[in-house]
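The values are calculated or read from the model by the stated rules, or taken from the named source; none is laboratory data. Everything numeric here is computed off the predicted structure, so don't read it as measured data. Note that each Cβ is placed from the backbone with ideal geometry, even for glycine, and that neighbours are counted across all protein chains shown.
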Amino acid sequence: MAENPMFELADRYKTLREERDALKEQLSVANKALEDAGHKLIDMMAEAECPNFSRSGKQFIMTTTTRWSAEAERKQELYDALRAHGYEYLFSVNAQTLGSFVREQVEETADDNGETHVPAWLAGMVKSYDDIGITMRKAIKKSN
């Protein structure tokens with residue numbers, strides 16, 4: 001007697017979900033191992049004062065990205081300041097967009113020496129931190 005096509009598809013669906021869940025777990029383990037290796041590599045590169053190197057056809061580059069976020073205890077004050085300066089549209093966006101906005105505001109404060117600072121109306125309501133990571137790309141072959 002032939003199996004019901006709906007039941008066959010349900011069995012296939014169940015199997016695919018189980019495979020997906022197993023792959024998610026493998027990805028989680030791989031991401032954790034990658035993060036740990038990245039931190040160790042950054043430490044070693046910093047200790048060796050080696051900001052980049054090539055190995056196995058890849059170039060490894062230590063990068064630093066400044067990230068911005070709201071000071072938790074002053075969020076309402078930050079929202080009031082943003083609203084007062086016409087930036088209330090930022091209220092419906094994520095932290096990454098807020099960080100990009102603050103970076104733009106900081107870049108606009110550059111003086112003749114290229115030094116920047118947080119605009120006075122944002123001072124104390126946002127904070128920055130450096131996110132150090134590794135960029136990996138195809139190494140450029142040197143020609144003789």
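Here is a check on your reading of the model: is residue 81 in contact with a Leu (Cβ under 6 Å, 6 or more places away or on another chain), in the same structural domain as residue 135 (by TED's automatic domain parsing) and either surrounded by 10 or more Cβ atoms within 10 Å (Cβ to Cβ) or closer than 19 Å to residue 129 by Cα (or both)?
So residue 81 does not fit the description; no.
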Next on the checklist: Can you pull out every residue in segment 103-144 that is under 30 Å from residue 84 (Cβ atoms), among the hydrophobic types (A, V, I, L, M, F, W, C) and surrounded by 14 or more Cβ atoms within 10 Å (Cβ to Cβ)?
Outcome noted: 106, 118, 122, 125, 126
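Go through segment 128-144 and report how many residues are more than 16 Å from the chain's Cα centre (by Cα) and either touching a residue at least 40 places away in the same chain (Cβ under 8 Å) or not in a loop (DSSP other than H, G, I, E, B) (or both). Lay out the reasoning, then the answer.
Start the filter on segment 128-144 by keeping residues that are more than 16 Å from the chain's Cα centre (by Cα), which leaves 137-144.
After this cut, where a residue has to be either touching a residue at least 40 places away in the same chain (Cβ under 8 Å) or not in a loop (DSSP other than H, G, I, E, B) (or both) as well, the list is 137-140.
Of the residues in segment 128-144, 4 are more than 16 Å from the chain's Cα centre (by Cα) and either touching a residue at least 40 places away in the same chain (Cβ under 8 Å) or not in a loop (DSSP other than H, G, I, E, B) (or both).
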Item to check | Yes/no for residue 86 being at positive phi, more than 24 Å from the chain's Cα centre (by Cα) and touching a residue at least 24 places away in the same chain (Cβ under 8 Å) | outcome: no
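Could you tell me which residue of segment 79-125 is farthest from residue 69 (Cα to Cα), considering only residues that are part of a loop (DSSP other than H, G, I, E, B) and among the acidic types (Asp, Glu)? Show your work before the answer.
First pass over segment 79-125, keeping only residues part of a loop (DSSP other than H, G, I, E, B): 85-87, 93-94, 108-125.
With the extra rule that they be among the acidic types (Asp, Glu), the set shrinks to 108, 111-112, 115.
On the way: 108: 18, 111: 23, 112: 27, 115: 20 Å.
This residue is 112.
Of all residues in segment 1-31, which are under 23 Å from the mean Cα position of the chain (by Cα) and aliphatic (A, V, I, L, M)? Don't jump to the end; show me each part of the working.
Looking only at segment 1-31, we keep the residues that are under 23 Å from the mean Cα position of the chain (by Cα), and these are 23-31.
Within segment 1-31, 23, 27, 29, 30 qualify.
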